[in-house]
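J.: The structure's right below; bear with me while I get my questions together.
The values are calculated or read from the model by the stated rules, or taken from the named source; none is laboratory data. Model, not experiment: these values are computed from the prediction. In this analysis, Cβ positions are derived from the backbone assuming ideal geometry, glycine residues included, and neighbour counts consider all displayed protein chains.
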Amino acid sequence: MDFSEKWGTDVDTAVKLALADLKLTIDEVDVTVLEEPSRGFFGIGSKLALVRVEKKKAPVQEAPAPKQEKAEVKVEKAEKVEKVEKTEHRKEKPAKAHSERTEAPRNKKEKSNRKHNKKERTERNMENIAPVIEKVPDEKLTVCEDHVALKFLEEVTKEMGLTLDITAKTGEDSLYIDIQGKDSGTIIGKRGATLDAIQYLTSLVVNKDQNDYTRVVVDAENYRAKREKTLEMLAIRLANKVSKSKKSVKLEPMNPYERKVIHATLQNHPHVTTRSEGQDPYRRVIIELK
């Protein structure tokens with residue numbers, strides 16, 4: 001292996017991990033910083049450093065230039081071969097062109113049909129999947145302009161230097177918070193990690209010293225619905241792969257909500273089953289044959 005990409009709390013730590021992986025010294029490699037680290041605000045929005053460490057390539061020695069006389073001989077031979085090829089090409093061209101005209105449309109049509117059928121199968125599978133988090137219809141929710149959750153989030157985002165519009169709606173035992181604005185990508189974070197942290201802290205604030213528990217859902221730019229749909233399609237694609245290859249597949253580590261989406265999507269699958277292994281935050285889903 002000639003390169004290694006590693007995460008670390010800072011650039012130096014990530015480089016050391018990559019060097020240990022490659023068993024090389026710093027003088028033998030080139031280092032590229034892919035992502036700079038960031039401390040965030042109280043740990044929220046913090047980012048690790050990502051580096052790519054690649055072994056230096058040995059200098060390429062240029063081959064000596066051929067003598068002029070030999071070069072002229074080669075050119076003559078090449079010209080002769082080219083003339084012969086052109087003559088043969090003119091003879092065979094009509095048959096080849098006819099073959100291409102008849103086969104090309106057929107191949108394109110077959111590929112288009114396969115792609116269309118695959119899309120239809122995926123859409124039919126998606127229609128039978130219920131969302132993991134069933135959101136209450138808007139007509140049953142009440143807009144809330146003064147809530148402890150709004151005050152908390154406004155203070156946090158202000159300290160983080162973010163410009164966002166935050167709205168809240170309440171149901172019977174739920175609180176839905178929607179975040180919009182140009183800095184919404186920062187509040188979402190990598191794979192929604194920052195958004196999950198914000199939701200957890202907001203839930204603690206809302207349910208502090210309360211007898212009845214209120215479920216808090218914090219969303220930004222409809223991220224959770226988009227992420228859920230992505231995970232559902234991923235689960236179906238990997239389940240089909242397991243069915244064909246007869247080999248189990250391990251997914252990347254996920255939070256409890258995302259693991260629940262995978263389990264719920266495949267709970268009625270005829271050929272595969274799912275289970276989780278490991279400890280948080282490295283717990284992951286495994287898809288395997290029944």
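J.: Check E159 against each of (1) touching a residue at least 60 places away in the same chain (Cβ under 8 Å); (2) within 30 Å of H269 (Cα to Cα); (3) exposed (fewer than 14 other Cβ atoms within 10 Å of the Cβ) and name the one condition it does not meet.
T.: Going through the list (1) touching a residue at least 60 places away in the same chain (Cβ under 8 Å); (2) within 30 Å of H269 (Cα to Cα); (3) exposed (fewer than 14 other Cβ atoms within 10 Å of the Cβ), E159 breaks only (2).
J.: Among the numbered conditions (1) modelled with pLDDT of 55 or more; (2) part of a loop (DSSP other than H, G, I, E, B), tell me where V132 comes up short.
T.: So the condition that V132 fails would be (1).
J.: Right, here's the next one. Which residue out of T265, T230, T214, T273 is surrounded by fewer than 18 Cβ atoms within 10 Å (Cβ to Cβ), farther than 29 Å from A149 by Cβ and at pLDDT 90 or above?
T.: T273
J.: Still on this structure, I have one more. Has segment 26-36 got at least one residue that is over 22 Å from the mean Cα position of the chain (by Cα) and modelled with pLDDT under 60?
T.: no
J.: How many of the residues in segment 211-257 are touching a helix residue (DSSP H, G or I) at 6+ places or on another chain (Cβ under 7 Å), outside the structural domain of R284 (by TED's automatic domain parsing) and polar (S, T, N, Q)?
T.: Counting residues in segment 211-257 that are touching a helix residue (DSSP H, G or I) at 6+ places or on another chain (Cβ under 7 Å), outside the structural domain of R284 (by TED's automatic domain parsing) and polar (S, T, N, Q) gives 1.
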